[in-house]
Amino acid sequence: MSNQTMKKDSFDAIDYKQPSHRHYFKRGMQAGVPVAIGYIPIAIAFGLLAKASGIPDLVTILMSLIIFAGASQFIGVNLIMAGVMYWEIILTTFILNLRHFLMTASLSQRVSDTTSKKQLSLLSFGVTDETFSVASVQAEKDLPAMYLIGLNTIAFSAWNIGTWIGVFFAAGLPQSVQNSMGIALFAMFIGLLVPALKKSSSVVIVVFIAITISSLIYWTEMLQLSDGWRVILSTVIAASIGVAIFPEKEGESRD
């Protein structure tokens with residue numbers, strides 16, 4: 001057998017191999033780059049806020065390492081400065097993050113059956129609004145666990161790097177630059193949502209329904225709900241309407 005034939009056979013063997021965990025992890029990190037870019041300025045803003053509020057640097061860093069929830073961290077700092085009792089802070093952040101139960105439950109239907117319990121634990125910790133959005137618009141019916149871990153890893157790393165920058169280095173930035181960081185998260189989220197809207201008219205309708213419901217709840221004085229409850233209620237109602245209007249047929253893709 002000639003060398004050329006052997007080389008061809010070896011290449012063919014490689015082509016038919018299943019993608020490795022490393023391959024999926026790398027793909028997940030690549031998909032999470034836009035999230036990471038958007039997280040850094042928001043995390044810097046959080047670090048600046050905590051620093052200006054007199055929160056110890058170690059506490060600020062541990063909040064990003066352990067809690068890893070932007071809205072809860074911002075609200076937590078504000079509640080601490082307002083002198084709110086600790087149990088009230090815990091209850092408020094718990095209610096605000098109840099939507100994560102919905103997101104993780106949804107992703108659990110997309111994760112490969114071979115995912116271990118340890119991997120599921122890592123996935124549940126790392127899920128955020130933005131990483132959930134990226135994972136949800138993927139075409140694969142069964143998402144590899146390592147893909148999601150890679151996606152969550154780059155988002156988690158960016159958030160903590162941004163926190164460190166905000167705590168130790170960003171105090172010297174001009175005030176106009178510091179103030180502009182607050183809109184980065186919204187711009188990033190819109191950037192993640194628009195491609196999905198272009199691909200599917202059903203997604204456009206469900207998003208519009210969710211926005212309408214959320215607005216109605218917000219402007220209804222009888223329902224004095226927190227942001228977390230409003231998000232949960234809007235999501236559940238909009239998703240239920242979407243399932244009723246656009247039932248998924250057996251064998252049909254979920255995208």
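The values are calculated or read from the model by the stated rules, or taken from the named source; none is laboratory data. Every value quoted in this text rests on a predicted model; they were computed, and no experiment measured them. With ideal geometry, Cβ positions are generated from the backbone for all residues, glycine too; neighbour counts draw on all protein chains shown. SASA here: full protein model, heavy atoms, side chains in, ligands and nucleic acids out. Shrake-Rupley method; radii C 1.70, N 1.55, O 1.52, S 1.80 Å.
Computed values, structure above
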quantity	calculated
Leading residue by the ranking (surrounded by the fewest Cβ atoms within 10 Å (Cβ to Cβ)) among those in region 118-139 that are part of a loop (DSSP other than H, G, I, E, B) and of a type in the set (S, T, N, Q)	GLN138
Selection count where residues are more than 11 Å from the chain's Cα centre (by Cα) and under 19 Å from ALA239 (Cα atoms), scope region 105-138	8
Number of the exception - ALA105 against (1) within 29 Å of VAL137 (Cβ to Cβ); (2) of a type in the set (Gly, Ala, Ser); (3) in contact with a helix residue (DSSP H, G or I) (Cβ under 7 Å, 6 or more places away or on another chain)	(3)
Region 140-169, residues that are crowded, with 22+ Cβ neighbours inside 10 Å and of a type in the set (Ser, Thr, Tyr)	TYR147, THR163
Qualifying residues in region 49-92 (those that are open to solvent by less than 40 Å² (accessible area, probe 1.4 Å), within 24 Å of the chain's Cα centre (by Cα) and polar (S, T, N, Q)) - the one farthest from SER157 (Cα to Cα)	SER72
Where a residue in region 222-249 is modelled with pLDDT of 70 or more and open to solvent by less than 70 Å² (accessible area, probe 1.4 Å) and its partner, wherever it lies, is in a helix (DSSP H, G or I) and of a type in the set (D, E, K, R), with Cβ under 8 Å and at least six apart	THR235/ARG99
Pairs, first modelled with pLDDT under 80 in region 72-86, second part of a helix (DSSP H, G or I) and open to solvent by 80 Å² or more (accessible area, probe 1.4 Å), C-beta under 7 Å, six or more apart	none
Any pair with Cβ under 8 angstrom, 6 or more apart, that starts in region 119-143 at a residue that is closer than 19 Å to VAL206 by Cα and ends at one that is open to solvent by 10 Å² or more (accessible area, probe 1.4 Å) and of a type in the set (Gly, Ala, Ser)	PHE132/SER106; SER133/ALA196; VAL134/ALA31; SER136/SER106; SER136/ALA196; VAL137/ALA196; GLN138/ALA31; ALA139/SER253
Cβ pairs under 7 Å, 6+ apart, first in region 93-117 and open to solvent by 30 Å² or more (accessible area, probe 1.4 Å), second among the aromatic types (Phe, Trp, Tyr)	ILE95/TRP229
Residues (farther than 17 Å from HIS21 by Cα, small (Gly, Ala, Ser) and at pLDDT below 85) located in region 136-164	SER136, ALA139
